[in-house]
């Protein structure tokens, strides 16, 4: 029994050492890099916020009492908008690439984010909210949509009664549901 435990400890230590060897940064540098990644006020989110504000739309930001704490809440339209990063929300577009190191960790983390997104969207729908999702690839990368065209699609959707969900992805409107 003790030898099995020692083998497990030895295996764990060696995998930690292997991870340390595969990372090009020290722990302190990696920690600083990861802490700089924002959850709010990201560049894609700011572009959407500024564009909608210039078009006269008013909204609330990161309303914590709603499921998923949506990036933008437009109470007048009973609509929420999420601006999702393709990596963190597992979009599968050209901007998403699963890291080659610690693949299991990242896969588990991203899968949990996706599950949380689905649950939040289901809860918001059940509460009668319309849901818009703008993916990062719609704003940057080889398939990006020009910002004015993307904002036109968002505003057009807001003005369409009965259109319950909108998903904007690189190069296209991925899904519009009417209920």
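What follows draws every value from the coordinates through simple rules; no lab data is involved. What you see is a predicted model; the values in this text were computed from it and never measured. All Cβ positions, even for glycine, are placed from backbone atoms using ideal geometry, and neighbour counts span all protein chains on display.
Between residue 60 and residue 111, what is 0.36 nm times their sequence separation minus the Cα-Cα distance? Round to one decimal in nm.
15.6 nm
For the residue pair residue 144 and residue 46, what label-to-label distance in nm results when each label sits 7 Å from Cα along the Cα-to-beta-carbon direction?
So the two model labels end up 1.4 nm from each other.
Among 110, 119, 131, 81, which comes first, second and so on when ranked by fewest other beta-carbon atoms within 10 Å?
By the 10 Å Cβ count, ascending, the order reads 119, 110, 131, 81.
Once you order the gyration tensor axes a ≥ b ≥ c over the Cα atoms, which shape class does segment 83-179 get: rounded for a/c under 1.5, otherwise prolate or oblate by comparing a/b with b/c?
oblate
Report the FRET efficiency, 1/(1 + (r/R0)^6), for residue 104 and residue 26, where r is their Cβ-Cβ distance and R0 is 35 Å, rounded to 0.05.
0.95
Return 42, 108 ranked ascending by Cβ neighbour count within 10 Å, so the fewest neighbours appear first.
Ranking 42, 108 by Cβ neighbours within 10 Å, fewest first, gives 108, 42.
Arrange 45, 104, 167 by Cβ neighbour counts within 10 Å, fewest through most, would you?
Going from sparsest to densest Cβ surroundings: 104, 167, 45.
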